[in-house]
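Visitor: Next up is a structure, given as structure tokens.
The values are calculated or read from the model by the stated rules, or taken from the named source; none is laboratory data. Quick caveat: nothing in here was measured; it's all calculated off a predicted structure. Here the Cβ is made from the backbone with ideal geometry for all residues, glycine too, and neighbour counts use every protein chain on show.
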Amino acid sequence: MNKHYLQSQIKSVGTAYLLYFLLFGTHYAYLGKWGLQILFWITLGGLGIWALIDLFTISGKVNRHNAKIFQQIEEIEKKDRDAEQARNIAMITAAKGN
């Protein structure tokens, strides 16, 4: 994946809470979990129990979502660093050969 695309997918805890309070729990849709979002709506937030639990766990859900993205970005950056190092070694080797 593209590093810039992944950076655009990083989510905000504040936005998730705003969606939770203002748009009847659309925080799952914000995190890209449409199956859970539809289930949340159908059960009316687990008759309020699920909604109450989510009130305290939204920040953890957003942090886990972001952690996966940060891990993917780090992997991309590591591959880029390794490729650059290999290019530099190849250039040095080629320069010594002349």
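Visitor: Is there a residue in the stretch 17-24 that is in a helix (DSSP H, G or I), touching a His at 6+ places or on another chain (Cβ under 6 Å) and not hydrophobic (A, V, I, L, M, F, W, C)? Give the steps one after another, and end with the answer.
Guide: Here is the first cut: in the stretch 17-24, the ones in a helix (DSSP H, G or I) are 17-22.
Restricting the remaining residues to those that are touching a His at 6+ places or on another chain (Cβ under 6 Å) gives 19-20.
Adding the requirement that they be not hydrophobic (A, V, I, L, M, F, W, C) leaves 20.
Scanning the stretch 17-24 turns up at least one residue that is in a helix (DSSP H, G or I), touching a His at 6+ places or on another chain (Cβ under 6 Å) and not hydrophobic (A, V, I, L, M, F, W, C).
Visitor: Output the residues belonging to the stretch 28-42 that are surrounded by 15 or more Cβ atoms within 10 Å (Cβ to Cβ) and in a helix (DSSP H, G or I).
Guide: If the condition is that a residue be surrounded by 15 or more Cβ atoms within 10 Å (Cβ to Cβ) and in a helix (DSSP H, G or I), then Y28, A29, Y30, L36, Q37, F40 are the ones that fit.
Visitor: While we're here: Any chance the stretch 53-65 includes a residue that's among the hydrophobic types (A, V, I, L, M, F, W, C), surrounded by 12 or more Cβ atoms within 10 Å (Cβ to Cβ) and free of Cβ contacts under 8 Å to residues at least 24 places away in the same chain?
Guide: yes
Visitor: Please find, among G45, G97, G25, the residue that is surrounded by fewer than 14 Cβ atoms within 10 Å (Cβ to Cβ) and modelled with pLDDT under 95.
Guide: After applying the criteria, what remains is G97.
Visitor: Do we have K68 as exposed (fewer than 13 other Cβ atoms within 10 Å of the Cβ), closer than 30 Å to F21 by Cα and among the charged types (D, E, K, R) here?
Guide: Answer is yes for this residue.
Visitor: Consider V13 carefully, then state whether it is under 13 Å from the mean Cα position of the chain (by Cα) and more than 22 Å from M1 (Cβ to Cβ).
Guide: yes
Visitor: Look at Y5 and say whether it is without any contact (Cβ under 8 Å) to a residue 24 or more places away in the chain and either within 11 Å of the chain's Cα centre (by Cα) or surrounded by 17 or more Cβ atoms within 10 Å (Cβ to Cβ) (or both).
Guide: yes
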